[in-house]
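Here's the structure we're looking at; comments come further down.
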Amino acid sequence: MPVIAIIGAQWGDEGKGKIVDLLAEKARVVVRFSGGDNAGHTVINHYGEFGLHLVPSGIFYPGVTCIIGNGVAINPAVLIGETAQLNQKGVDTSSLFISDRAHLIMPYHILLDGLEEQSRGGKAIGTTRKGIGPAFTDKTARLGIRVGDLLDREAFLERLRPILEYKNTILTKIYGADPLSLDEIYRQYCQYGEHLAPLIRETTVMLARALDRNELVMLEGAQGTLLDPDFGTYPYTTSSSPLAGGGCLGAGLGPTRIDRVLGVFKAYCTRVGSGPMPTELLDTTGGLIRERAHEYGTTTGRARRCGWFDGVAARFSTQVNGLTSIAITRLDVLDTLPQLKICVGYKLEGQTIDYFPGSITSLDRCQPIYEELPGWQSPTSDIRDYEKLPAQAKQYIARLEELTSCPVSIISVGARREETIHKAPIL
Ligand code: IMP
């Protein structure tokens, strides 16, 4: 049985939650491997509607082990709240485990995220203000506190004390903010530790055993490729890797173990927060897509920027992730449009380029070169068979396959599990 990574291939919010929820039925293990509660995975199923921030979208299947991997930064209050909400709606979370190596989001991370954003003024990144950047900064700076640290109270206090002293110096001396109380944070996090202790595991062992037993493992990405700190629109990115490669590091398995990489794309593009987006539509079509698709953030409620499908960015995303197939979501959003555009290249200082530039100053100057395709102007949400899609919709999908050199396996035409067309097998 293979390991399959399901990753966001644009700027996040591609609809990964639905795709993982759909496919997790066949899996035995689902691992979230990056990000934190900056993510919001919308899942609609027979239990109700959920906006999951930390819990893997496989949680709705009783036989599936769900792991929050070492690559995730966990806000324990959010995790405890999320599991309580799931339980209230009748979802069993007894198969949820968290890696002892995962880093914790601490109160100073959240404070600093807001203060750093404020200090950037007009150049703010537009973060979710969940403390993600400061938490991953601390991980790299070796100042992080990990989930496993909560299991030994004395050692935890020894670790927290000097770190908080340092953070309080920054809070008070640089930002003129009030210092945080060691006692309060310590007590609060000890309580979280007690609550979470039964879930904490050496999850790489669980994963290795599942692989030995030849079970189907899914790696659930968060955010999207173009928000990757290396390959995204740096510095307008997130702080951990949403790539398939990030799945190896954030779950704890070698690259040779991943057999399939499914990239999730929307049928158009959206982005939330600042940074370049070459195909952004600032006209009525952009507004129409936003309203029709209700493009507002699950985590922050912010309006998402909308634009045409960017074939250049999509090809780049396919390459850096080694995609083996693609899921196209929200095709139905385009149902009413008479004409569609796909970006097939960029014009940069009089030259035509077909690659996604690494520098945002170049990307900012890129003008999209569009190809126009006819719209289908008929509803697709009730269609389940690829052959029954209107000819123009099939032409649109075929062009996306051509531009990415990657086959489309799934087409989503609505939020519900059943509103899906299986075009080709993934496995
Ligand atoms: P952060 O991850 O909160 O630090 O935010 C950094 C950038 O990533 C901002 O532009 C956010 O809007 C964006 N971002 C973070 N998480 C998500 C997500 O789940 N979907 C879409 N954008 C996100």
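The values are calculated or read from the model by the stated rules, or taken from the named source; none is laboratory data. Since we're looking at a predicted model, the values are computed, not measured. Counting neighbours? That spans all protein chains shown, and the Cβs are built from the backbone with ideal geometry, glycine included. With ligands, DNA and RNA removed, areas are computed over all heavy atoms of the protein, side chains included. Shrake-Rupley method; radii C 1.70, N 1.55, O 1.52, S 1.80 Å.
For Leu54, are the conditions met, namely being open to solvent by less than 10 Å² (accessible area, probe 1.4 Å), more than 10 Å from the ligand (Cβ to nearest atom) and not in a strand (DSSP E or B)? When the stated conditions are applied, Leu54 passes them.
Annotation note: of Arg305, Arg290, Arg271, the sole residue that is at pLDDT 95 or above, closer than 22 Å to Gly35 by Cα, open to solvent by 20 Å² or more (accessible area, probe 1.4 Å) and within 16 Å of the ligand (Cβ to nearest atom) is Arg305.
Taking the conditions exactly as written (buried (at least 21 other Cβ atoms within 10 Å of the Cβ), in contact (Cβ under 8 Å) with a residue 12 or more places away in the chain and small (Gly, Ala, Ser)), does Gly35 satisfy them or not? For Gly35, the condition - buried (at least 21 other Cβ atoms within 10 Å of the Cβ), in contact (Cβ under 8 Å) with a residue 12 or more places away in the chain and small (Gly, Ala, Ser) - is met. Would you confirm whether any residue within segment 80-88 is within 24 Å of Leu253 (Cβ to Cβ), surrounded by fewer than 19 Cβ atoms within 10 Å (Cβ to Cβ) and either outside the structural domain of Thr128 (by TED's automatic domain parsing) or without any contact (Cβ under 8 Å) to a residue 60 or more places away in the chain (or both)? The answer is no; no qualifying residue exists. Of the residues in segment 5-14, none is more than 16 Å from the ligand (Cβ to nearest atom), assigned by TED's automatic domain parsing to the domain that holds Asp212 and open to solvent by 30 Å² or more (accessible area, probe 1.4 Å). Of all residues in segment 208-229, those that are farther than 22 Å from Gln319 by Cα have Cβ atoms under 6 Å from Cβ atoms of residues that are surrounded by fewer than 17 Cβ atoms within 10 Å (Cβ to Cβ) and aliphatic (A, V, I, L, M), 6 or more apart or on another chain, in Asn214/Met1; Glu215/Met1; Leu216/Met1. Look at segment 136-154: where a residue is within 14 Å of Leu104 (Cβ to Cβ) and a partner is assigned to a helix (DSSP H, G or I) and open to solvent by 90 Å² or more (accessible area, probe 1.4 Å), sitting 6+ places away or on another chain with Cβ atoms under 9 Å, you get Leu143/Tyr166; Leu150/Glu194.
You will find that of Lys123, Lys130, Lys173, the residue that is modelled with pLDDT under 95 and out of contact with any strand residue (DSSP E or B) (no Cβ under 7 Å at 6 or more places or on another chain) is Lys123 and no other.
Annotation note: of Phe156, Phe97, Phe136, the sole residue that is more than 16 Å from the ligand (Cβ to nearest atom) and under 21 Å from the mean Cα position of the chain (by Cα) is Phe97.
Of everything in segment 118-133, what is of a type outside the set (Val, Ile, Thr) and either closer than 22 Å to Thr203 by Cβ or near the ligand (Cβ under 9 Å from one of its atoms) (or both)? Give them in sequence order.
Gly126, Arg129, Lys130, Gly131, Gly133
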